[in-house]
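Visitor: Dropping a structure here in structure tokens format, bear with me for questions.
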Amino acid sequence: MSRSSVARAQDLIRAAFAAVVHPGDDRLVDGQADWGPGTEPARVAAAFRGQPDWRALAVDFLDGAPDGLGSALSFFGDDAFRCYLPAYLLADLDGVLQQADPVFHLTHGLDDHGRGELVSPQRYGEWTWFEQCQRRFAGFTPAQAAAIVAYLEVVAARSPCDRPAIAQALASYWAARASGVGPAG
């Protein structure tokens, strides 16, 4: 992957997410009021409380939050996910993430299997992973989706093991969203 492709993706990310709005400390994780102290979602909320600017977050913080687990992307509410995602994408493009995996969070459920796999029938009924992803990504603008496409293309070029998942996610969702003609959610 050429340096110019990486730099282009980084520029697109910075521009597309420059004006993203922080959701507020009380909306960092879904159902925040329901999570008891010490639970992983509550620990994510505590770690990111008072951190409204994604550009100011240190890579070590991102990669380990909360408490060294590196699982924050799994627990963010939709708006917090969109708010903090660019920091993770830039860190990943720089090759400095060890635990956090933005590729997984942008591709899981957007493959052929995800169209039919139920999230949790007991909790969500017939809700599939693909539908869950559409809902989660509904707030992304076409410019943000285009930045995500550029990021995924860079990762696909340098990571053969991620290529199949990325190819399916691009074909089934992200490419259309980036063009502005795909479903918003």
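Each reported figure results from applying straightforward, stated rules to the coordinates on display, with no laboratory input. Computed from a predicted structure; not experimentally measured. Note: ideal-geometry Cβ built from the backbone for every residue, glycine included; neighbour counts use all protein chains shown.
Visitor: Students often check this: by mean Cβ neighbours within 10 Å, which of 87-95, 11-19 ranks highest, and how do the rest follow?
Guide: Highest mean packing first, the order is 87-95, 11-19.
Visitor: Follow-up question, since we're still on this one. Using only the alpha-carbon atoms of the stretch 134-174 as identical scatterers, what base-10 log of I(q)/I(0) does the Debye formula give at q = 0.14, 0.28, 0.29, 0.32 Å⁻¹?
Guide: -0.31, -0.97, -1.01, -1.09
Visitor: For Cα pairs less than 8 Å apart in space and 6+ apart in sequence, what is the mean separation divided by the residue count of the stretch 118-185, i.e. the relative contact order in percent?
Guide: 37 percent
Visitor: I would also like to ask the following. If packing is taken as the mean number of other Cβ atoms within 10 Å per residue, what is the order of 101-108, 152-159, highest first?
Guide: Descending packing order for the listed peptides: 101-108, 152-159.
Visitor: Dipole of the chain, Cα-centred, from +1 at each Lys and Arg C-beta and -1 at each Asp and Glu C-beta, to the nearest 20 debye?
Guide: So the dipole magnitude of the chain works out to roughly 480 debye.
Visitor: Rounded to the nearest 0.05, what FRET efficiency is calculated for ASP25 and SER120 with R0 set to 22 Å and r the Cβ-Cβ distance?
Guide: The value I calculate is 0.20.
Visitor: For the stretch 72-159, treating each Cα as an identical point scatterer without solvent, what Debye log10 I(q)/I(0) comes out at q = 0.22 1/Å?
Guide: -1.19
Visitor: Can you tell me the convex hull volume per residue for the stretch 1-101, based on C-alpha atoms, in Å³ to the nearest whole number?
Guide: Given the Cα convex hull of the stretch 1-101, per-residue volume reads 87 Å³.
Visitor: At 222 nm, what helix-only mean residue ellipticity would the chain give, in deg cm²/dmol to the nearest 500, using -39500 (n - 2.57) for each DSSP H run of four or more?
Guide: -15000 deg cm²/dmol
Visitor: Can you check how the C-alpha radius of gyration of the chain compares to 2.2 N^0.38 Å, as a plain ratio?
Guide: 0.99
Visitor: Tell me which DSSP H helices of the chain clear both cut-offs, 18 Å or more of axial length from alpha-carbon atoms and a mean Kyte-Doolittle hydropathy of at least 1.0.
Guide: 142-158
Visitor: What nm distance separates the two modelled labels at SER159 and ASP67, each placed 7 Å from Cα along Cα→Cβ?
Guide: Here the modelled spin labels are 2.6 nm apart.
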